[in-house]
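Working notes, beginning with the structure itself.
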Amino acid sequence: MEPTELLTDAFGRIGSAVDGVLKGLDAADLNRRPGGHGNSVAWLVWHLARVQDDHIADAAGREQLWAAGGFRDRFGFGLQPEDTGYGHSHDQVDAVRVESAALLTEYYHAVQGRTMEYLQELDGAALDRIVDESWDPAVSLGTRLVSVLQDCLMHVGQAAYVRGLPVE
């Protein structure tokens, strides 16, 4: 198996996990914050989609779907265009509220589709390309993709956990 095939398989699993987490949830379930201050399912799924969109778009030299695909306007959270949720305050997490899972699902699958297209363009040698020199050592594309994958898997797992918590 080629490295890009492995990455394609791994990223593909996130989409089915997102679908499973969101299936059947209403607005109250999506936006419920455990203990009144934890991250909601909606925030966690939005955040993982934003991080993946941001990082894959940067690596591919493309615009993010968040803005270019009109999702920022459609969600209407009032956040800055570059906001991915990293370091959000309590009030910023509260601003990420949805009426249904449909738009979250649509956004994630658009991002996932873009990711899969990008991975199909790559070969193993492309994974060695340096994409971020601000770190020491500099970050290769392969390292960046694994980092995004790890972040998405952690957040979809957190969303599944929050979904399963009893309503307080």
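The values are calculated or read from the model by the stated rules, or taken from the named source; none is laboratory data. None of the values given here were measured: they were computed from a predicted structure. Neighbour counts are summed over all protein chains in view; Cβ atoms, including those assigned to glycine, are modelled from backbone coordinates with ideal geometry.
Going by the conditions given, is Leu119 touching a helix residue (DSSP H, G or I) at 6+ places or on another chain (Cβ under 9 Å), in a helix (DSSP H, G or I), within 15 Å of Ala42 (Cα to Cα) and not polar (S, T, N, Q)?
It is false that Leu119 is touching a helix residue (DSSP H, G or I) at 6+ places or on another chain (Cβ under 9 Å), in a helix (DSSP H, G or I), within 15 Å of Ala42 (Cα to Cα) and not polar (S, T, N, Q).
Modelled with pLDDT of 95 or more, in a helix (DSSP H, G or I), over 14 Å from the mean Cα position of the chain (by Cα) and among the acidic types (Asp, Glu), is that true of Glu106?
Answer is no for this residue.
Looking at region 71-93 only, could you name the residues that are among the small types (Gly, Ala, Ser) and either touching a Ser or Thr at 6+ places or on another chain (Cβ under 6 Å) or under 19 Å from Gly38 (Cβ atoms) (or both)?
Gly85, Gly87, Ser89
Looking at the structure I just gave you, is Val45 under 27 Å from Glu133 (Cβ atoms) and of a type in the set (A, V, I, L, M, F, W, C)? Write out each step before concluding.
Details: under 27 Å from Glu133 (Cβ atoms): no; of a type in the set (A, V, I, L, M, F, W, C): yes.
It is false that Val45 is under 27 Å from Glu133 (Cβ atoms) and of a type in the set (A, V, I, L, M, F, W, C).
Is it the case, given these coordinates, that Val41 is of a type in the set (Val, Ile, Thr), more than 24 Å from Leu141 (Cα to Cα) and out of contact with any Gly (no Cβ under 9 Å at 6 or more places or on another chain)?
yes
Being loosely packed, with under 14 Cβ neighbours inside 10 Å, under 17 Å from Val111 (Cα atoms) and charged (D, E, K, R) is true for just one of Asp83, Asp9. Which residue is that?
Working: Asp83 fails: loosely packed, with under 14 Cβ neighbours inside 10 Å.
Exactly one of Asp83, Asp9 is loosely packed, with under 14 Cβ neighbours inside 10 Å, under 17 Å from Val111 (Cα atoms) and charged (D, E, K, R), namely Asp9.
What are the pairs with Cβ atoms under 9 angstrom where one residue, in region 101-114, is within 13 Å of Asp26 (Cα to Cα) and surrounded by 14 or more Cβ atoms within 10 Å (Cβ to Cβ) and the other, located anywhere, is of a type in the set (Phe, Trp, Tyr) and at pLDDT 95 or above? Sequence gap at least six, or different chains.
The qualifying pairs are Leu103/Phe71; Leu103/Phe75; Leu104/Trp46; Leu104/Phe75.
So is Leu127 in a helix (DSSP H, G or I), surrounded by 12 or more Cβ atoms within 10 Å (Cβ to Cβ), touching a Pro at 6+ places or on another chain (Cβ under 8 Å) and among the aliphatic types (A, V, I, L, M) or not?
Answer is yes for this residue.
Identify the single condition in (1) touching a Leu at 6+ places or on another chain (Cβ under 7 Å); (2) at pLDDT below 95; (3) of a type in the set (D, E, K, R) that Arg74 does not satisfy, given that it satisfies every other one.
Here Arg74 meets the rest and fails (2).
For region 82-101, give me each residue that is under 16 Å from Arg50 (Cα atoms), part of a loop (DSSP other than H, G, I, E, B) and not β-branched (Val, Ile, Thr). Please lay out each step first, then the result.
The first filter runs over region 82-101 and keeps only residues under 16 Å from Arg50 (Cα atoms), leaving 82-88, 92-93, 95-98, 101.
Subsequent filtering for residues that are part of a loop (DSSP other than H, G, I, E, B) retains 82-88, 96-98.
Answer for region 82-101, where residues must be under 16 Å from Arg50 (Cα atoms), part of a loop (DSSP other than H, G, I, E, B) and not β-branched (Val, Ile, Thr): Glu82, Asp83, Gly85, Tyr86, Gly87, His88, Arg97.
Given the options Ala49, Ala60, Ala42, name the one that is surrounded by 16 or more Cβ atoms within 10 Å (Cβ to Cβ), of a type in the set (A, V, I, L, M), closer than 14 Å to Ala110 by Cα and under 17 Å from the mean Cα position of the chain (by Cα).
Ala49
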